[in-house]
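Taken together, the values in this text are just the output of simple stated rules run on the coordinates, not laboratory data. Predicted model, so just to flag it, every value in this text is computed and none were measured. So basically every Cβ, Gly included, is an ideal-geometry build from the backbone, and we count neighbours across all protein chains shown.
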Amino acid sequence: MKFADLHLHTNYSDGTYTPKELVEKAVKAGLSCISITDHDTVGAISEAMDVADSLGIEILPGIEISCEYELREVHILGYLIDHKSAALLKRLETLKENRINRIYKITEKLNALGINLRADDVFSVANGATVGRLHVARAMVLKGFVKTVSEAFNRFIGDNGPAFSLGFRFTPEEAIKFIRDNAGVAVLAHPYVIENEELIFKFMGLGLTGLEVYYPEHSQGEINFYLGLAKEHNLLVTGGSDCHGSAKPQVRIGSIKIPYDLVEKMKEAKERLS
Ligand code: AMP
Ligand code: FE
Ligand code: FE
Ligand code: ZN
């Protein structure tokens, strides 16, 4: 049997492994196929592919796009996208800049709460990556404002926290169109987060093709529920660990392994869609 982990981050976004380290760890974990799904960037993919060739592991191009829906974050995964498309790369540059601007908003809110974190403290943790809240949390730990990343999210920058800022995002509609326009397959990431399956139907109407059924935070009940939904509505089933390296040490690469035939189904779907 061949297995895949289709949700992984590198240090091109808020993970800590370089693309090379990630590929080596995937091989060690016994995976035959991985997808790199960094937030709003495809920067790691070519580098990972270069290493993967000699190690006999397959890399599926991927991305995890942060969207805004009614003032909440929704993440849409784009698989098998054309990661070299000039139009795609240009659009992603804008998202990267938006993320930088958002960090100033978050640090301003933190400053107003008496936490004197500077935007530059966050940028130095991110080191050129698409910058996000996990970098803010790590910078807060480094500077001694909180003890753990979890504490930073729980007290300050979680979705309902006093220093949360959404920044400008794609809508799910724009993200799905963007993925489809670049030859990709759009999949709803960690669907438990949206708490409302009506939204899944809405997104299906916009071109969503799959659900990330297998995910560390999903209970067996949720897995069964999403499997049923996928079967009933002819949606692809995907899954992955959402490993971020040492930024979330409890989530290990390969902790979610899905059978490779789900990857084959995804490839068939891409052919049908294009
Ligand atoms: P952003 O894209 O900047 O809004 O950040 C979202 C990312 O923050 C997610 O992909 C996770 O990596 C991380 N994150 C969100 N909530 C938490 C949490 N409660 N604990 C740790 N990391 C989190
Ligand atoms: Fe993340
Ligand atoms: Fe996510
Ligand atoms: Zn993720």
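Points worth noting:
- This ranking places 69, 226 by how few other beta-carbon atoms lie within 10 Å of each, fewest first, which gives 69, 226.
- Inverse mean reciprocal Cα-Cα distance (Kirkwood Rh) of the chain, Å: 18.8
- Candidates 130, 94, 171: whichever shows maximal mean-square fluctuation once the chain is modelled as a Gaussian network with Cα springs under 10 Å: 94
- Global form of segment 88-128, assessed from the alpha-carbon gyration tensor, a/c cut-off 1.5: oblate
- Distance from segment 256-272 to segment 1-72 (C-alpha centre basis), Å: 16
- Fluctuation leader among 247, 48, 175 - the chain, Gaussian network, Cα springs under 10 angstrom: 247
- Segment 61-96 residues near the modelled residue 192 label - backbone nitrogen below 17 Å, point 7 Å along Cα→Cβ: 74-75
- Which of 85, 246 has the fewest Cβ neighbours within 10 Å, and the rest in rising order: 246, 85
- Dimensions in Å of segment 84-218 - Rg and Dmax from alpha carbons: 17.0, 46
- Expressed as a whole percent, the proportion of Cα-Cα pairs in segment 110-186 lying more than 17 Å apart is 53%.
- All-pairs Cα distance distribution in segment 159-251, expressed in whole percent, bin size 5 Å: 3, 12, 19, 21, 20, 16, 8, 1, 0
- Note on residue 217 and residue 267: their simple-model spin labels are 3.2 nm apart, each label 7 Å out from Cα toward Cβ.
- Straight-distance candidates among the lysines for linking to residue 2, with alpha-carbon spacing under 22 Å and chain neighbours fewer than 8 residues away dropped: 20, 25, 28, 257, 265, 267, 270.
- Fewest-first sequence of 140, 204 by Cβ atoms within 10 Å of each Cβ: 204, 140
- When +1 charges are put on Lys and Arg Cβ atoms and -1 charges on Asp and Glu Cβ atoms, the dipole computed for the chain relative to its Cα centre reaches about 540 debye.
- With coordinates expressed along the principal axes, the C-alpha atoms belonging to segment 198-274 extend over 37, 27, 20 Å, beginning with the largest.
- Positive end of the dipole of segment 220-274 (Cβ unit charges, origin at the Cα centre): among 243, 258, 221, the Cα lying farthest that way belongs to 243.
- Build a GNM of the chain with springs between Cα atoms under 10 Å apart, and of 257, 177, 28 the one that fluctuates most is 28.
- Remark on residue 74: its backbone amide H falls under 5 Å from those of 67, 68, 69, a criterion applied only to residues 5 or more positions apart or on other chains, H modelled at 1.01 Å from N.
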